[in-house]
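The values are calculated or read from the model by the stated rules, or taken from the named source; none is laboratory data. The shown structure was predicted, so the numbers you read here are calculated from the model rather than taken from an experiment. Here the Cβ positions follow ideal geometry from the backbone for every residue, glycine too, while neighbour counts run over all protein chains shown. The area values use the complete protein model at the heavy-atom level, side chains included, leaving out ligands, DNA and RNA. Shrake-Rupley method; radii C 1.70, N 1.55, O 1.52, S 1.80 Å.
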Amino acid sequence: METAMAMNSKPSCEIIFYTLTMVLILSGIIFFYIMTYASSNVKCQLTEASLSKFNHIRHNISYEFNHTSYNASYDTLHYKLEAKITSRNPNKYIKVYYPKITAIARYKDHEFARVDLTTFDQGHKNATILDVVFEGEGRIESDEQLSEYNKDTRLGIYNNLAIDLDLLIVYKFGIYKTGRFKPPIVQCPPLNLSLISNGSNSSPHSFHNTNCRTDSFFLSR
């Protein structure tokens, strides 16, 4: 009798096992489909930008080597660039977690600053404003950079300033949660900014909201 009951219970266990396996596989396929084809990229928009410091300083140094005196110089850029970027998750069922967010500032395609931003979790159909402040000192690496800087200074407008976002994200759909991965760099369009003087722009050029590029946000680069 016990042997017969054991034999009858074995097919039942196998049916349950195969059923659960099929459910998991089907759920995984649905999850993959939603992430790859049905999800909408997180949208990022640069909504504010201002430049209150962008000064060039040349440093002259003297040193001695083997009883011979030498003179040298190097150039630094003292800056303060502030911006607000709105991140919007348009998806109805996908949550996005940001364990690390790094903002990168570029001038004429040369990086001059980066800063880590406050991490956050972004729920369904949620918008979050990121406050970005670059302030400090960086090196001007080449005579070409310095020449372009001097030209923009004479014009009163610093062209081709750009802000990128380097993200580390995790996303969740229902009970499924991915590991950490890096989507493509979020690239905001180049900015043309003048220095702020006495609380107002020193140039008639005004800033307009710009959409940032967020290609294949749910695929790792």
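Taking each residue of segment 134-148 that is farther than 23 Å from VAL115 by Cβ and looking for partners that are open to solvent by less than 70 Å² (accessible area, probe 1.4 Å) and assigned to a loop (DSSP other than H, G, I, E, B) with beta-carbon atoms closer than 6 Å, six or more apart or interchain, yields GLU148/LYS108. Selection of segment 159-172 for residues being modelled with pLDDT under 95 and not aliphatic (A, V, I, L, M) yields ASN159, ASN160, TYR171, LYS172. Against the condition of a type in the set (Ser, Thr, Tyr) and either in contact with a helix residue (DSSP H, G or I) (Cβ under 6 Å, 6 or more places away or on another chain) or surrounded by fewer than 16 Cβ atoms within 10 Å (Cβ to Cβ) (or both), how does TYR176 come out, does it pass? Taking the combined requirement at face value, the residue satisfies it.
Suppose we filter ALA72, ALA83, ALA103, ALA127 for residues that are aliphatic (A, V, I, L, M), open to solvent by less than 80 Å² (accessible area, probe 1.4 Å), assigned to a strand (DSSP E or B) and over 24 Å from THR210 (Cα atoms); which single one remains? Quick ask: steps written out before the conclusion?
Details: ALA83 fails: over 24 Å from THR210 (Cα atoms); ALA103 fails: over 24 Å from THR210 (Cα atoms); ALA127 fails: over 24 Å from THR210 (Cα atoms).
So the residue among ALA72, ALA83, ALA103, ALA127 that is aliphatic (A, V, I, L, M), open to solvent by less than 80 Å² (accessible area, probe 1.4 Å), assigned to a strand (DSSP E or B) and over 24 Å from THR210 (Cα atoms) is ALA72.
Considering only segment 33-54, I want to know if a residue exists there that is at pLDDT 65 or above, part of a loop (DSSP other than H, G, I, E, B) and among the polar types (S, T, N, Q). The answer is yes; a qualifying residue exists.
In segment 130-155, the qualifying residues are those that are of a type in the set (A, V, I, L, M) and assigned to a strand (DSSP E or B), and the one that is modelled with the lowest pLDDT is ILE140. Among the residues of segment 192-208, are any surrounded by 13 or more Cβ atoms within 10 Å (Cβ to Cβ), out of contact with any Leu (no Cβ under 9 Å at 6 or more places or on another chain) and at pLDDT below 95? The answer is no; no qualifying residue exists. Is one or more of the residues making up segment 180-187 modelled with pLDDT under 90 and either part of a strand (DSSP E or B) or out of contact with any strand residue (DSSP E or B) (no Cβ under 8 Å at 6 or more places or on another chain) (or both)? Yes, segment 180-187 contains at least one residue that is modelled with pLDDT under 90 and either part of a strand (DSSP E or B) or out of contact with any strand residue (DSSP E or B) (no Cβ under 8 Å at 6 or more places or on another chain) (or both).
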